[in-house]
Amino acid sequence: MLWESNGLPPPFEESTPVFLVDDYLSLIEETFQGLVSSQRLYEQEALVEGERLNIRNVAQRLLARVRTGAHPDRIEMGRMLLEATTGLNCRAFFDDSGRLKNLTAATIVEDFLERGDADRYQPGVRYFFGHRIPD
């Protein structure tokens, strides 16, 4: 994104954002092709956070973020992905006002990992509530 001036002298100058859509799309395609070649991805494989979808990695990243409270938007995304993929009930992650309950959330994810439930999910494959989504 660039900021383009209207050309007026201060204090009348205003800037408007100019989105470089073509450049951005090229960067995304280049990044994607780099991932495909470096990780030997196949066309139907799912990607998440710059790598082949691996529910164990998703859960481990989620656990680390819950413990530190870092990246709240990523905590919510990880929770949704874990819950939708596995069917694991993650409602207790948040209290009635929507605040994250770190200790409860960490316990749920730790239990999931310790039970070995993540081993049921093949990397790169999408699942919904524990059922494989056909290619």
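The values are calculated or read from the model by the stated rules, or taken from the named source; none is laboratory data. Computed from a predicted model, the values in this text were never measured in an experiment. FYI the Cβ positions are ideal-geometry reconstructions off the backbone, even for glycines, and counts take in every protein chain you see. These area figures cover heavy atoms from the full protein model, side chains too; ligands, DNA and RNA do not enter into them. Shrake-Rupley method; radii C 1.70, N 1.55, O 1.52, S 1.80 Å.
Structural remarks
- Whether the range 9-84 is rounded, prolate or oblate, judged on the alpha carbon gyration tensor where a/c under 1.5 counts as rounded: oblate
- Positive contributions from Lys and Arg (+1) and negative ones from Asp and Glu (-1), summed over other residues with Cβ under 12 Å from the Cβ of ARG67, come out at +1.
- When each of the peptides 43-52, 70-79 is scored by the mean number of other C-beta atoms lying within 10 Å of its residues, the order from highest to lowest reads 70-79, 43-52.
- Equivalent ellipsoid semi-axes, the range 48-132, via Cα gyration tensor eigenvalues times 5, rooted, Å: 20, 13, 12
- Its Cα centre serving as origin, the chain has a Cβ charge dipole (Lys and Arg +1, Asp and Glu -1) of approximately 860 debye.
- Annotation: MET80 carries an accessible surface of approximately 80 Å², with a 1.4 Å probe and no ligand, DNA or RNA atoms counted.
- Relative to the longest principal axis of the Cα atoms of the chain, the long axis of helix 102-114 lies at roughly 60 degrees.
- The residues of the range 1-71 expose, per residue, 76 Å² of accessible area to a 1.4 Å probe.
- Whole-percent carbon and sulfur share, accessible surface of the chain, 1.4 Å: 55
- Seen against the Cα atoms of the chain and their longest principal axis, helix 55-68 is set at about 70 degrees.
- FRET efficiency for the GLU83 to PHE19 pair, using the beta carbon distance and R₀ = 41 Å, is estimated at 0.80.
- Taking every DSSP helix (H) stretch of at least 4 residues in the chain, weighting each as -39,500 (n - 2.57) and dividing the sum by the residue count yields a mean residue ellipticity at 222 nm of -15000 deg cm²/dmol.
- By average C-beta atoms within 10 angstrom, highest first, the peptides 36-42, 104-110: 104-110, 36-42
- Here's how it looks for VAL48: its modeled amide H is under 5 Å from those of LEU53, which are all 5 or more places away or on a different chain.
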